[in-house]
Ligand code: BG6
């Protein structure tokens with residue numbers, strides 16, 4: 001059935017950090033492509049005039065996008081600002097009045113998770129949910145129980161098909177390419193399993209701290225912020241069996257099977273860290289036990305992956321910003337030449353950000369009399385990054401009613417089950433120096449697999465093991 005397109009874009013959290021860094025630039029980009037010809041209503045708790053709001057949008061796009069005078073002019077004309085308390089029914093009555101003739105609004109909740117339910121109920125009481133869609137920011141809940149409660153609250157206000165759970169990683173071009181690369185090439189499938197793959201690791205390194213988002217970060221920490229969602233979704237794409245076809249539910253079913261084959265992570269298989277200086281950030285408790293770094297090992301108990309460790313490492317204030325996957329193949333069973341170097345010589349390296357790359361590691365002989373070699377990388381693809389930002393793409397999809405790049409509820413629930421044993425203080429928190437690769441214990445976790453592969457910052461580099 002063809003879904004009607006949304007005819008108004010409403011976003012809560014309009015004066016927040018996410019709006020400043022991502023939403024305004026995405027809205028201008030959509031207008032530039034002719035994809036957003038509808039009223040745009042921002043709602044926030046600050047008392048701003050329309051001029052102040054437009055000027056905030058201007059600063060946001062200048063700092064986090066590329067200002068286009070024509071498109072910005074149109075955006076300013078379409079933008080409206082509504083200030084209000086999310087607990088007060090008057091806010092939603094005012095929204096209803098502003099929506100005027102719009103009959104299929106899209107509401108985007110770009111607000112901290114603890115406020116979701118208030119807003120959903122307010123929208124529902126005021127009749128703003130009728131024929132409307134909703135996008136809910138991540139993390140979807142704080143744990144399994146709160147995710148279930150949030151889902152129930154959503155289902156009371158919206159039809160299942162109208163709920164869009166955002167995970168912007170799913171809309172990243174290199175993440176999409178991971179799915180494509182795996183299933184569009186016949187040479188991969190025969191080796192993409194326990195017989196040929198020794199280990200898989202993913203590092204999501206960020207060289208910055210919490211950038212003024214201290215109070216938000218205090219309520220999440222690295223495991224809720226990026227492991228339960230972004231990084232487990234990447235694991236699912238790396239590990240899934242081939243979907244029946246390319247339809248969204250076939251792909252989601254295949255990913256869900258991966259989560260179902262994982263045991264909850266045991267605290268002994270995880271390391272939590274906090275960078276020195278985090279506790280002095282605005283909004284952070286002086287005795288905070290929230291992790292800004294997490295490293296863990298996962299096992300997937302199915303025929304393809306039994307015995308192959310999957311490692312995940314994510315952290316703030318690491319030496320650089322890069323997200324990279326390293327799939328290490330087993331060493332040749334009978335090394336004929338320079339056997340010491342043959343371990344870890346064959347691999348796939350998939351860079352997800354900030355630039356994108358897929359390469360294969362191999363060894364070739366060095367010219368000369370000796371049968372000695374050197375590592376080389378065969379480049380399959382390199383491109384500078386996303387042409388369309390993930391947010392632009394996801395807003396466009398939600399407006400058109402296309403759920404393919406949004407997370408399905410069952411996989412969110414399954415992902416919470418996997419990380420549940422790590423939530424809270426079950427794993428010791430170790431301090432690490434800012435601009436280092438995290439606590440030393442993270443290295444012990446992966447020692448048996450040859451250590452972490454540390455991504456490098458230049459596009460020409462090969463990375464190194466740390
Ligand atoms: C967000 C997290 O979901 O993803 C942030 O809340 C993180 O803490 C960000 O910095 C990283 O996204 P990207 O697209 O910049 O890699």
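The values are calculated or read from the model by the stated rules, or taken from the named source; none is laboratory data. Values in this document were obtained by computation on a predicted structure and should not be read as measured data. Every residue, glycine as well, gets a Cβ built from its backbone with ideal geometry; the counts of neighbours run over all protein chains shown.
Summary table below
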quantity	calculated
Output for the range 174-199, where each listed residue is touching a helix residue (DSSP H, G or I) at 6+ places or on another chain (Cβ under 9 Å) and away from the ligand (no atom under 16 Å from the Cβ)	179, 182, 183, 188, 189, 192, 196, 197, 198, 199
Residue match in the range 338-349 (condition: at pLDDT below 95, in a loop (DSSP other than H, G, I, E, B), on the phi > 0 side of the Ramachandran plot and crowded, with 20+ Cβ neighbours inside 10 Å)	yes
Number of the exception - residue 434 against (1) in a loop (DSSP other than H, G, I, E, B); (2) in the same structural domain as residue 174 (by TED's automatic domain parsing); (3) farther than 28 Å from residue 307 by Cα; (4) out of contact with any strand residue (DSSP E or B) (no Cβ under 6 Å at 6 or more places or on another chain)	(4)
Odd one out for residue 202 among (1) more than 15 Å from the ligand (Cβ to nearest atom); (2) touching a residue at least 24 places away in the same chain (Cβ under 8 Å); (3) within 30 Å of residue 447 (Cα to Cα)	(1)
Residue tally, condition part of a loop (DSSP other than H, G, I, E, B) and within 24 Å of residue 6 (Cβ to Cβ), over the range 46-76	2
Long-range neighbours under 9 Å by Cβ, at least six apart or interchain, first residue farther than 19 Å from residue 412 by Cα within the range 166-186, second part of a helix (DSSP H, G or I) and within 10 Å of the ligand (Cβ to nearest atom)	173/390
Residue match in the range 163-172 (condition: within 16 Å of the ligand (Cβ to nearest atom), surrounded by 20 or more Cβ atoms within 10 Å (Cβ to Cβ) and within 19 Å of residue 272 (Cα to Cα))	no
The listed residue being away from the ligand (no atom under 16 Å from the Cβ), assigned by TED's automatic domain parsing to the domain that holds residue 221 and either closer than 21 Å to residue 214 by Cα or assigned to a strand (DSSP E or B) (or both), out of 363, 304	363
Which listed residue is outside any loop (DSSP other than H, G, I, E, B), within 30 Å of the chain's Cα centre (by Cα) and more than 19 Å from residue 125 (Cβ to Cβ), from 82, 36, 27	27
Residue in the range 307-321 that is farthest from residue 434 (Cα to Cα), counting only those that are surrounded by fewer than 22 Cβ atoms within 10 Å (Cβ to Cβ) and within 16 Å of the ligand (Cβ to nearest atom)	321
Where a residue in the range 211-224 is within 15 Å of residue 18 (Cα to Cα) and touching a residue at least 12 places away in the same chain (Cβ under 8 Å) and its partner, wherever it lies, is more than 8 Å from the ligand (Cβ to nearest atom) and in a helix (DSSP H, G or I), with Cβ under 6 Å and at least six apart	213/17
Restricting the range 210-224 to residues that are in contact with a helix residue (DSSP H, G or I) (Cβ under 7 Å, 6 or more places away or on another chain) and farther than 16 Å from residue 13 by Cβ, the residue that is farthest from the ligand (Cβ to nearest atom)	223
From the options 153, 157, residue that is without any contact (Cβ under 8 Å) to a residue 40 or more places away in the chain, closer than 18 Å to residue 11 by Cβ, in contact with a helix residue (DSSP H, G or I) (Cβ under 8 Å, 6 or more places away or on another chain) and more than 16 Å from the ligand (Cβ to nearest atom)	157
Set 329, 244, 232: member being more than 24 Å from the chain's Cα centre (by Cα) and buried (at least 16 other Cβ atoms within 10 Å of the Cβ)	329
Flag if residue 322 is within 22 Å of the chain's Cα centre (by Cα) and within 24 Å of residue 179 (Cα to Cα)	yes
Enumeration of residues in the range 240-294 that are closer than 18 Å to residue 434 by Cα and part of a strand (DSSP E or B)	271, 272, 273, 274, 275, 293, 294
Qualifying positions in the range 34-86 - in contact (Cβ under 8 Å) with a residue 60 or more places away in the chain and closer than 22 Å to residue 397 by Cα	35, 36, 38, 39
